[in-house]
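K.L.:
After the structure tokens below, expect a handful of questions from me.
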Amino acid sequence: MPPRPQIVDALIIGGGPAGLAASLAYARTRTTAIVFDSQSYRNEGITHMHTVPSRDHINPYEFRSIAREQITSRYPSVWFENVTITQAAKKQLGKENYDGFEVTDGEGQSYQGKKLILATGSRDVYPDIEGFKENWPQHIYQCLACDGFEQRGMPIGILDCSPKTAHFTNMALNFDARVTVLTNGAVPEVAAIKQQLRICEAWGAKVDSRKIKRLVNNGPTHEEGVTVEFEEGEPLTLGFIAIKTATVNRSQDLIDQLGVECVEPAMGGHIKIVNPMFNSTSVRGVFAGGDTCAPMKQVTISMADGLKAAAGAGIEIATEKEMATQKLLEEDFGGVSGGYEAL
Ligand SMILES: Cc1cc2nc3c(=O)[nH]c(=O)nc-3n(C[C@H](O)[C@H](O)[C@H](O)COP(=O)(O)OP(=O)(O)OC[C@H]3O[C@@H](n4cnc5c(N)ncnc54)[C@H](O)[C@@H]3O)c2cc1C
């Protein structure tokens, strides 16, 4: 491995699918990059990931480790650092005063790069229900395409009471006819929600509006499943529960330090993408990929986003280089544009 330059082309914060896709693109184009990985991944705790063609049912730890190994064993221009970045800021770099970035890890070590890619992911916010954490992600799933198929043939709970409940219930009915919508308390007097619950009932699902007291993890298999205890009445044992959890950006602190704009919390609170072709953000030089900027949070989408961010940062560097060269050429020829023809 050649020595790492003081100023790399890109600082990539995040070693999940988005950061790995960005770094592979750089490895292939001999672009220099450092990937920072605090090793906190959204899908922590799952043993199989799905909906990724050719990698269906793979352990996500294996997936990331193969990706890293392929990059480090074949290509010399990408470096990995298992550290947490705690500070990120714009900085004029080198003797050229390049308008770049400096990031600092938890140990105080600083790293400099021309462009910055935020592939920092998001994390799920658990509802305030006793036992929720103890069942996540073993018996509680946020996506029925990701999980559900292997657990089919057991009663399912849909922990949702919103204008999207019927959509979720419809998917669950593909896995078992015994679906119960858990509203966790009285159904709000909202016509759209009541209509959703009526649709679910028309499809054969039950609606249980009792307040949940706690969730009990009965053991690792879906045959053991999860028992829902209510504030009153009989408990209900299910193979699994599905819920659309709210998410927040894992590294909102860095996003704030850089002044990168996010969409409204009601729209997801993720980083606002200004140019979707190259995943640029509201701050010049900062690009984003993966869950931290995507309303639809999936591995394949994150990988595509990571690639777009890498391309965006790469093109910005190339454009700046072109412009600098053009300026030099114009100076050489006394600002006469016709000078190019003389070359
Ligand atoms: C339980 C569960 C199961 C799922 N199953 C599937 C599935 O089967 N199929 C599917 O397509 N999707 C699935 N998903 C969604 C999938 O996990 C995400 O869409 C995907 O991981 C997003 O990739 P990412 O690279 O954006 O973020 P992540 O994979 O979360 O990676 C974020 C990276 O950023 C790093 N990071 C963050 N902040 C810092 C910092 N300050 N310094 C250094 N590093 C930092 C983290 O350490 C990590 O390396 C699942 C999600 C959950 C919650």
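The values are calculated or read from the model by the stated rules, or taken from the named source; none is laboratory data. Not measured: the values here are computed from a predicted model. Glycine gets a Cβ as well: all are built from the backbone with ideal geometry, and neighbour counts include every protein chain shown.
K.L.:
Return the pairs, sorted by first residue and then second, in which the second residue is polar (S, T, N, Q) and near the ligand (Cβ under 7 Å from one of its atoms), the first residue lies in segment 28-50 and is within 30 Å of residue 1 (Cα to Cα), the beta carbons are less than 8 Å apart, and the residues are 6+ apart or on different chains.
P.N.:
As it stands, the answer is 36/84; 38/84, since those pairs meet every condition given.
K.L.:
Still on this structure, please answer the following. Under 9 Å between Cβ atoms, which residue pairs at least 6 apart in sequence (or on different chains) link something in segment 122-147 that is closer than 11 Å to residue 226 by Cβ and outside the structural domain of residue 39 (by TED's automatic domain parsing) with a partner that is near the ligand (Cβ under 7 Å from one of its atoms) and aromatic (Phe, Trp, Tyr)?
P.N.:
Close Cβ pairs satisfying both conditions: none exist.
K.L.:
Let me spell it out: the conditions are (1) touching a residue at least 40 places away in the same chain (Cβ under 8 Å); (2) of a type outside the set (D, E, K, R); (3) not assigned by TED's automatic domain parsing to the domain that holds residue 11, and residue 227 meets all of them except one. Which number is the exception?
P.N.:
(1)
K.L.:
Are there any pairs, at least 6 apart or on different chains, whose C-beta atoms fall under 6 Å, with the first in segment 80-100 and assigned by TED's automatic domain parsing to the domain that holds residue 65 and under 12 Å from residue 13 (Cβ atoms) and the second of a type in the set (D, E, K, R) and within 16 Å of the ligand (Cβ to nearest atom), and if so, which?
P.N.:
83/105; 85/105
K.L.:
Search segment 249-283 for residues being surrounded by 15 or more Cβ atoms within 10 Å (Cβ to Cβ) and within 24 Å of residue 136 (Cα to Cα), and hand back the single one that is modelled with the lowest pLDDT.
P.N.:
Result: 268.
K.L.:
In segment 1-43, what residues are near the ligand (Cβ under 10 Å from one of its atoms), in a loop (DSSP other than H, G, I, E, B) and in contact with a strand residue (DSSP E or B) (Cβ under 9 Å, 6 or more places away or on another chain)?
P.N.:
Listed by number, the residues that qualify are 14, 15, 37, 38, 40, 42, 43.
Condition check ((1) hydroxyl-bearing (Ser, Thr, Tyr); (2) assigned to a helix (DSSP H, G or I); (3) away from the ligand (no atom under 12 Å from the Cβ); (4) in contact with a Phe, Trp or Tyr (Cβ under 6 Å, 6 or more places away or on another chain)) across all residues:
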{"position": "253", "(1), (2), (3), (4)": "no, yes, no, no"}
{"position": "257", "(1), (2), (3), (4)": "no, yes, no, no"}
{"position": "283", "(1), (2), (3), (4)": "no, no, yes, no"}
{"position": "297", "(1), (2), (3), (4)": "no, no, no, no"}
{"position": "302", "(1), (2), (3), (4)": "yes, yes, no, no"}
{"position": "309", "(1), (2), (3), (4)": "no, yes, no, yes"}
{"position": "313", "(1), (2), (3), (4)": "no, yes, yes, yes"}
{"position": "327", "(1), (2), (3), (4)": "no, yes, yes, no"}
{"position": "331", "(1), (2), (3), (4)": "no, yes, yes, no"}
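K.L.:
Still on this structure, please answer the following. Considering (1) modelled with pLDDT under 95; (2) surrounded by 15 or more Cβ atoms within 10 Å (Cβ to Cβ), say which one residue 150 fails and leave the rest.
P.N.:
Evaluating residue 150 over (1) modelled with pLDDT under 95; (2) surrounded by 15 or more Cβ atoms within 10 Å (Cβ to Cβ) leaves (2) as the failure.
K.L.:
Tally time: how many residues in segment 178-189 are surrounded by fewer than 17 Cβ atoms within 10 Å (Cβ to Cβ), hydrophobic (A, V, I, L, M, F, W, C) and under 32 Å from the mean Cα position of the chain (by Cα)?
P.N.:
The total comes to 1.
K.L.:
Against the conditions (1) on the phi < 0 side of the Ramachandran plot; (2) over 16 Å from the mean Cα position of the chain (by Cα); (3) without any contact (Cβ under 8 Å) to a residue 40 or more places away in the chain, where does residue 313 fall short? Just the number, please.
P.N.:
With respect to (1) on the phi < 0 side of the Ramachandran plot; (2) over 16 Å from the mean Cα position of the chain (by Cα); (3) without any contact (Cβ under 8 Å) to a residue 40 or more places away in the chain, residue 313 is out only on (3).
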